[in-house]
Amino acid sequence: MEWIRYHLLLGFEHFYIYDRHGIYQQPLQDLVEQGLVLTLILTLILILILILTLILILILILILILILTLILILILILILILILILILILILILILLLTMTLPLTMIQRCCHCHTMAGTLHRATLR
């Protein structure tokens, strides 16, 4: 009580007292009623801080799980895109192989100019 009166004389207007076991609640009752002193039981404050800390940790863990899930989804999408690209490349290779192995009867010599020509004869183009 004496140090509160001393600090009141120095000009302090409000005091926050963290009361560990509630032992200062009764002696400071007059000052609490005047609004000069606010007593806070420390165990309740620590419990509230602990609960808030645990809630924040849980929120951070959930955010981390969400980020990891999104990363896995992006990786799966990239793998699917790569598989589709590989399938397209294989289809293109098959098409190229099929066009390269056309029978030689498709290509004939033109009888007039002795050059390679398609199945259509030069005379039929006129």
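Values in this text are rule-based calculations from the coordinates and carry no lab data. This one's a predicted model, so the numbers in the text were calculated from it and none came from an experiment. Quick reminder, even Gly has a Cβ in these numbers, built from the backbone with ideal geometry, and neighbours come from all protein chains shown.
If you check Leu54, Leu80, Leu92, Leu74 for being under 16 Å from the mean Cα position of the chain (by Cα) and surrounded by 10 or more Cβ atoms within 10 Å (Cβ to Cβ), only one passes: Leu74. In region 1-12, the residues that are surrounded by 11 or more Cβ atoms within 10 Å (Cβ to Cβ) form Cβ pairs under 7 Å with partners that are outside any loop (DSSP other than H, G, I, E, B), at six or more places apart or across chains, as follows: Ile4/Phe15; Ile4/Leu31; Ile4/Val37.
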